[in-house]
Amino acid sequence: MTQAAAQQGRAPLPPRCRPCGLADLDSLQGESIGLFVWSDVRPLRGVAALIDWRLCGALSQLLLARRFLGAPRETLLYPVRGRFGPRRLFVFGLGSRAACTAAELGAHGQHAALIMQRAGATPITLAAPAAPRALEMEADFVQALRLEPPGGAAQVLVERPAREV
């Protein structure tokens, strides 16, 4: 439980989970979106792959040029320039998929939300990380993540519907 939640005597609310496809990206409201990249999963998967598609492979080009590695807590702010709804894209590194636990995944999500809040992003919209042969990854992320965004409800985008959380 966060300090603010403890002071108010309530538990943090889980974020709203929303399935997301290409058409959903185009109609997405809000000015920022945060997504996560593993250091050892290529090509990109899940919503990150959909966003990369909308950006004509710009994220893949950054990865190939090794200008972004996906190292833990590595952060990149990328201007979207009208390719889909949001104007700003926050990209967060997760490190190795094989070494990441559900608790660490939740901590990465909390860190990302804090960075986005400090940058004035409201509401907080995060794209759940995905990986091959890890069908429950997005659901694990949603379960591990607890957000208290100021000024609006948080939402988590997943490529496919996750189990109820």
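Table for the structure above
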read-out: Residue list for the stretch 32-68, filter: charged (D, E, K, R) and either in contact with a strand residue (DSSP E or B) (Cβ under 6 Å, 6 or more places away or on another chain) or over 24 Å from residue 124 (Cα atoms) (or both); value: 40, 42, 66, 67
read-out: Residues being more than 12 Å from residue 127 (Cα to Cα), at pLDDT 50 or above and either surrounded by 13 or more Cβ atoms within 10 Å (Cβ to Cβ) or not aliphatic (A, V, I, L, M) (or both) - total across the stretch 13-23; value: 1
read-out: The listed residue being touching a His at 6+ places or on another chain (Cβ under 8 Å), in contact (Cβ under 8 Å) with a residue 12 or more places away in the chain and in a loop (DSSP other than H, G, I, E, B), out of 97, 83, 73, 42; value: 73
read-out: Search result, residues across the stretch 94-115 that are crowded, with 19+ Cβ neighbours inside 10 Å, under 20 Å from residue 33 (Cβ atoms) and touching a Gly at 6+ places or on another chain (Cβ under 9 Å); value: 94, 108, 109, 112, 113
read-out: Restricting the stretch 33-47 to residues that are modelled with pLDDT of 95 or more and among the small types (Gly, Ala, Ser), the residue that is farthest from residue 141 (Cα to Cα); value: 39
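Conditions (1) part of a helix (DSSP H, G or I); (2) modelled with pLDDT under 90; (3) closer than 12 Å to residue 17 by Cα, marked per residue:
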| residue | (1), (2), (3) |
| --- | --- |
| 62 | yes, no, no |
| 89 | no, no, no |
| 111 | yes, no, no |
| 115 | yes, no, no |
| 130 | no, yes, no |
| 143 | yes, yes, yes |
| 150 | no, yes, no |
| 161 | no, yes, yes |
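The values are calculated or read from the model by the stated rules, or taken from the named source; none is laboratory data. Predicted, not measured: the structure shown is a model, and the values here were computed from it. We place every Cβ from the backbone using ideal geometry, glycine too, and count neighbours over all the protein chains shown.
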